[in-house]
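Student: Structure below; questions to follow.
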Amino acid sequence: MVEVARTLVVLEFPGGGTAGRVRSMGLERLDLRVRYLFDEVRPRRTAIDDYAGELLAASGAEQVAMVVAYCGAVPIARQLAEHCLRVGGRRPAVLALNPEATLAEGVAGLLGRMLTKAGVPQELADGLTASGETVRDRVADALPAVESALAEAYARPPLNLATAAGPLAAMQADWLAHLAAACDPAQLPPDERELHVIAADHPCPPGCPARHEGVDVPQRGFFAADETFRALADALHE
């Protein structure tokens, strides 16, 4: 059983149409300290081990009971748990809610679209275009140019977002770094220590070695379902 002094770390990237789903579960009811770590720090490292290392530094010396991650953040949660083991001698449990792989080819395509959207000069964009094999390093190289160009694009007509332009561009750059880290081929594979809590219409790939807890609701109602909350609460007391 987990001592109440321990912390539950949640990795759910803020912003976008799926933001706040884990937060909506009311995990504070578990009588643990809950930290939504991406509210505190969003690393700009694209190598997954470096990215997780910055998250660990942000978490401080607290004893983490479990890392809960949603969708593509699951590989980062796994890496963070290993960092906790190296530094503190204890590996927190990893619980994935509807995990989903982040594909390097998709991130490379997103980088290309962002370069176009930002109006990055073609000669610079050509040097930053990535394939699935090179996306981790190319995103790291491209982030400053993408952020700067996006901020300029948001500030000028027709958007004219003025003071909001910088924060919006920074969030886009944060998101791109997050995706690049999540598809880093150096990521650790899932294993039987990991629990995947999944909706009825969101199965894991065949052969996934993690333990699985199915919730008999579709994705649309997954985060509001009592069964999802209970599965997470039960995992804390295993």
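Student: Suppose the filter is more than 19 Å from L8 (Cα to Cα) and at pLDDT 95 or above; does L188 pass it? Break it down into steps so the answer makes sense when it comes.
Tutor: Values: more than 19 Å from L8 (Cα to Cα): yes; at pLDDT 95 or above: yes.
Yes; evaluated as a whole, the condition is true for this residue.
Student: Which of the residues spanning segment 82-127 are more than 22 Å from Q219 (Cα to Cα), touching an Asp or Glu at 6+ places or on another chain (Cβ under 9 Å) and either outside any helix (DSSP H, G or I) or at pLDDT 90 or above (or both)?
Tutor: Within segment 82-127, E82, H83, R91, A93, A104, A118, G119 meet the criteria.
Student: Quick one: which of R29, R33, R23 is more than 23 Å from A173 (Cβ to Cβ), at pLDDT below 95 and either in contact with a strand residue (DSSP E or B) (Cβ under 7 Å, 6 or more places away or on another chain) or surrounded by 14 or more Cβ atoms within 10 Å (Cβ to Cβ) (or both)? First the steps, then the outcome.
Tutor: On the way: R29 fails: either in contact with a strand residue (DSSP E or B) (Cβ under 7 Å, 6 or more places away or on another chain) or surrounded by 14 or more Cβ atoms within 10 Å (Cβ to Cβ) (or both); R23 fails: more than 23 Å from A173 (Cβ to Cβ).
The match here is R33.
Student: Does R90 satisfy the criteria of being of a type outside the set (V, I, T) and exposed (fewer than 15 other Cβ atoms within 10 Å of the Cβ)? Show your work before the answer.
Tutor: Values: of a type outside the set (V, I, T): yes; exposed (fewer than 15 other Cβ atoms within 10 Å of the Cβ): yes.
Taking the combined requirement at face value, the residue satisfies it.
Student: Here is a further query. Those residues that are touching a helix residue (DSSP H, G or I) at 6+ places or on another chain (Cβ under 8 Å) and either charged (D, E, K, R) or not assigned by TED's automatic domain parsing to the domain that holds M171 (or both), I need them from segment 110-150; list them, please.
Tutor: Residues satisfying the conditions are K117, E133, R136, R138, D141, E147.
Student: More than 29 Å from R220 (Cα to Cα), surrounded by fewer than 19 Cβ atoms within 10 Å (Cβ to Cβ) and at pLDDT 95 or above: which single residue out of A58, A47, A52 fits that description? Talk me through it step by step, then tell me what you get.
Tutor: On the way: A58 fails: at pLDDT 95 or above; A52 fails: surrounded by fewer than 19 Cβ atoms within 10 Å (Cβ to Cβ).
Of the residues listed, the single one that is more than 29 Å from R220 (Cα to Cα), surrounded by fewer than 19 Cβ atoms within 10 Å (Cβ to Cβ) and at pLDDT 95 or above is A47.
Student: Can you pull out the residues in segment 158-201 that are in contact with a Leu (Cβ under 9 Å, 6 or more places away or on another chain), part of a loop (DSSP other than H, G, I, E, B) and closer than 17 Å to A69 by Cβ?
Tutor: C183, E194
Student: Quick check on V41: is it farther than 23 Å from D234 by Cβ, part of a helix (DSSP H, G or I) and β-branched (V, I, T)?
Tutor: On the way: farther than 23 Å from D234 by Cβ: yes; part of a helix (DSSP H, G or I): no; β-branched (V, I, T): yes.
No; evaluated as a whole, the condition is false for this residue.
To keep it simple, each residue is scored yes or no on (1) polar (S, T, N, Q); (2) at pLDDT below 90.
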| residue | (1), (2) |
| --- | --- |
| L143 | no, no |
| V146 | no, yes |
| P157 | no, yes |
| N160 | yes, yes |
| A164 | no, no |
| L168 | no, no |
| Q172 | yes, no |
| A177 | no, no |
| A182 | no, no |
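Student: A further question on this structure: Give me the pairs: first residue in segment 149-170 and on the phi < 0 side of the Ramachandran plot, second residue part of a loop (DSSP other than H, G, I, E, B) and of a type in the set (S, T, N, Q), beta-carbon distance under 9 Å, and six or more apart or on different chains, which are they?
Tutor: Qualifying pairs under 9 Å: Y154/N160.
Student: I need every pair where a residue in segment 100-116 that is under 16 Å from V74 (Cβ atoms) has its Cβ under 6 Å from the Cβ of a residue that is part of a helix (DSSP H, G or I) and not β-branched (V, I, T), sequence separation at least 6 or different chains.
Tutor: Every condition considered, the pairs that remain are E100/C71; E100/G72; T102/G72; T102/L179; T102/A182; V107/L179; V107/A180.
The values are calculated or read from the model by the stated rules, or taken from the named source; none is laboratory data. On a predicted model such as this, the values are computed, not experimentally measured, just so you know. Counting neighbours? That spans all protein chains shown, and the Cβs are built from the backbone with ideal geometry, glycine included.
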